[in-house]
1. HIS74 to SER24: FRET efficiency via 1/(1 + (r/R0)^6), r the Cβ-Cβ distance, R0 35 Å, to the nearest 0.05?
2. Got a sec to turn the phi values of the range 54-59 into Karplus ³J(HN,Hα) couplings, 6.51 cos²θ - 1.76 cosθ + 1.60 with θ = phi - 60°, whole Hz, x for Gly and Pro?
Amino acid sequence: MSAKNLTAKPVTLPRRALTSAEFSQLEDVPPETEWFANIDNAPTRRAYKSDLKEFMGFAAIRTPIELRLITRAHVIAWRKDLDTRNRTVHPFLLSQSGNRRHRRESSPP
């Protein structure tokens, strides 16, 4: 093999749609926001927003960042509260295992 074949060829990268600043800001998006934004179905999103508002009231959460403190025990307590009021299990409640899995996968090692 000759030295001529080992010479690196310049690579042309595609044009970026994001500026460097925009790219960096996306690192600061909380995983919870990223997960919720990934729900494309409008009725499902509305139902989750309603359920989330109710859950936040139940758990006395004032800011979305506090959702990071929620454990499975909090969700179970809410489910029991819903049961005592003869309420149905909310779609949001059912989705929480997916949200927790997303947080685990998004967390740095």
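We did not get these values from a lab; they are worked out from the coordinates using the rules stated. What you see is a predicted model; the values in this text were computed from it and never measured. Reconstructed Cβ throughout: ideal geometry from the backbone, glycine too, with neighbour counts over all protein chains shown.
1. Numbers: r = 33 Å, r/R0 = 0.93.
So, using R0 = 35 Å, E works out to roughly 0.60.
2. So the Karplus estimates, Gly and Pro as x, are 5, 4, 4, x, 4, 8 Hz.
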